[in-house]
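So the structure is just underneath, and the comments pick up after that.
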Amino acid sequence: MHRRNLIRLLGAAAALPLVPGSGDAAQLGRLLHAGRQPATDLQLLTVDQAALVTLLGDMIIPATDTPGASDVGVTGFIDHLLARWYQPDEVQPLLAGLAAIDRLAVERHGQRFVDLAETDRVGLLTTIDGGKGEKGTAEATFARIKSLTVYGYFTSERVMLEVTREPIIPGRFDGCARM
């Protein structure tokens, strides 16, 4: 299995918890993308927070022969989602977690995360990836940013048209169909 196919399957699975019970994940994603602002017109994130989210997104889904996370506007998508769809009690822990990632980088390497060398960034994210942190921790925030990045990436029009060439979730379900 190729890496992009694996990411596509994981993306579909990761997006399901974010979708309301009666909605279609691809349709909701298109709606969210339609309402987002360009990365220069942030609605909630500060410039520094957006730079961190962009870097994390590009580390999660880098550009290869297909577009990366920043190529399809994932940072603007996440900013829009946080500003318009999340409740304040959900946003504040995520913003605190972004600050926690930067604090961890300063503690371990003496620089903010965006200023670290690539090997230091990878090492730091490897230590927090998969951790079960409380809301507001670096571990919980990185997990949420991964989920939002994958969801934003695979519901973007560019990825649907150029990469997957098919909907994330099939358009129909034939339960109990006779053979």
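If the chain linking residue 129 and residue 165 were pulled fully straight, counting 0.36 nm for each residue of separation and taking away their Cα-Cα distance, it would gain 10.0 nm. Surface analysis of the range 49-121 yields an accessible area of 44 Å² per residue, using protein heavy atoms and a 1.4 Å probe.
Sorted by accessible area with a 1.4 angstrom probe, largest first, how do 147, 156 fall? Can you show the working numbers first?
Numbers: 147 25, 156 5 Å².
So, going from the largest accessible area down, we get 147, 156.
Paramagnetic label reach from residue 92 (point 7 Å along Cα→Cβ; backbone nitrogen cut-off under 11 Å): within the range 127-158, no residues. Here r is the Cβ-Cβ distance between residue 107 and residue 178 and R0 is 41 Å; the resulting FRET efficiency, rounded to 0.05, is 0.10. Once the gyration tensor of the Cα atoms in the range 36-99 is diagonalised, the equivalent ellipsoid follows with semi-axes of 21, 13, 10 Å, ordered largest first.
Pair-distance distribution P(r) for the range 84-136, from all Cα-Cα distances in 5 Å bins starting at 0: 4, 19, 25, 21, 16, 9, 5, 0 percent.
Shape class of the range 122-161 from the alpha-carbon gyration tensor: prolate, with a/c at 1.5 or above and a/b greater than b/c.
Taking 30 Å as R0, compute the FRET efficiency from the Cβ-Cβ separation of residue 115 and residue 63 and round it to 0.05. Taking R0 as 30 Å, the efficiency between residue 115 and residue 63 is 0.90.
Compute the length gained on full extension between residue 158 and residue 84: take 0.36 nm times their separation in residues and subtract their Cα-Cα distance, giving the result in nm to one decimal. List each step's numbers first, then the result.
Values: separation 74, 0.36 × 74 = 26.64 nm, distance 2.25 nm.
Difference between extended and current length: 24.4 nm.
The values are calculated or read from the model by the stated rules, or taken from the named source; none is laboratory data. A quick note: this is a predicted structure, and the numbers were derived from the prediction, not measured. Cβ coordinates were reconstructed from backbone atoms using ideal geometry, including for glycine residues, and neighbour counts include every protein chain displayed. In case anyone asks, the SASA skips ligands and DNA or RNA and just uses the protein heavy atoms, side chains included. Shrake-Rupley method; radii C 1.70, N 1.55, O 1.52, S 1.80 Å.
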